[in-house]
Amino acid sequence: MFPAAALALACKIIMRKILSNSVEETQKIGQKMGERFKGGEIIFLSGILGAGKTELIRGIAKGLGIKSRITSPTFNILRVYDIPNGGKLYHFDCYRLKKYSDLIELGWEEILTDPNFIIVLEWPECIADKDVTEIAEKKIVFIEIKIENNKRFIKIDER
Ligand SMILES: Nc1ncnc2c1ncn2[C@@H]1O[C@H](COP(=O)(O)OP(=O)(O)OP(=O)(O)O)[C@@H](O)[C@H]1O
Ligand SMILES: [Mg+2]
């Protein structure tokens, strides 16, 4: 077996790279993910300004059955949406944050005690002074949206 694949299997890491040709495709990919979430997932979304992170989250919200329009929380940093089947979707945009403790001030630790949370977090780079993988016993998904030759590639890394 290819060594990297063997290592990924050993570490229970699932990696996928999906091409998206349009906003609709990005949202559809998000929707499929959202449909599979059970609660307790934390999704870190990286990618340059305008990569499509919020569009993917719109799809995730749709997959969770959320009807309200998802707007970018850049200025308020956090928006919370009720999930029809129970629980809440917490949408963070950390672009304006400088460190992990800024997130704590927004109630991060209390949110983690909510058993049904689903967290989507844009710009994890801004709070990277703490190793987020230390958040024990939570399902963490890292997503990176890359633009190559005008095409979006959505790299999903589950662990
Ligand atoms: N395949 C695609 N997937 C997603 N968005 C696309 C795609 N092609 C073009 N776009 C456009 O790119 C933009 C993505 O905007 P979006 O707000 O989702 O980016 P973002 O990564 O959240 O940016 P920010 O870091 O500013 O929050 C939209 O204007 C959308 O129309
Ligand atoms: Mg955004």
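Every number in this text was worked out from the coordinates using simple rules, so none of it is lab data. No experiment lies behind these values; they were computed from the predicted model shown. Cβ sites come from the backbone with ideal geometry, for glycine too, and all protein chains shown count toward neighbours.
In this Cβ point-charge picture (+1 for Lys and Arg, -1 for Asp and Glu), the chain has a dipole of about 620 debye about its Cα centre. Remark: segment 51-90 is approximated by an ellipsoid whose semi-axes, taken from the C-alpha gyration tensor as √(5λ), come to 17, 13, 7 Å, largest first.
Ranked by the mean number of other Cβ atoms within 10 Å of their residues, highest first, the peptides 46-52, 27-33 come out as 27-33, 46-52. Measuring between alpha carbons in the structure, the pairs from 38/146; 38/155; 88/139; 38/138; 17/130 lying more than 18 angstrom apart are 38/146; 38/155; 17/130.
Here the Gaussian network model covers the chain, with springs between Cα atoms less than 10 Å apart; of 76, 116, 149, 149 fluctuates the most. Ellipsoid fit via the Cα gyration tensor, segment 17-158: semi-axes of 22, 18, 14 Å, each the root of five times an eigenvalue, largest first.
Going from the fewest other Cβ atoms within 10 Å to the most, the residues 20, 101 appear in the order 101, 20.
All alpha carbon pair distances within segment 71-120 were sorted into 10 Å bins beginning at 0; the resulting P(r) in whole percents reads 25, 55, 19, 1.
Each of 96, 69 has some number of other Cβ atoms within 10 Å of its Cβ, and from fewest to most they run 69, 96. In plain terms, the bigger the Kirkwood radius, the slower the diffusion; for segment 91-153, with that radius from Cα pairs, at 10 °C and 1.306 mPa s, Stokes-Einstein puts D at 121 µm²/s. Look at the alpha carbon pairs under 8 Å that are at least 6 residues apart: their mean separation over the length of the chain gives a relative contact order of 33 percent. Sorting 159, 152 by the number of Cβ atoms found within 10 Å of their own Cβ, with the fewest placed first, yields 159, 152.
Per-residue ellipticity at 222 nm from helix content only, as computed over the chain with -39500 (n - 2.57) for each DSSP H run of at least four residues, stands at -8000 deg cm²/dmol.
Under a 5 Å amide H cut-off, with hydrogens placed 1.01 Å from N, residue 41 pairs with 119 among residues at least 5 apart or on other chains.
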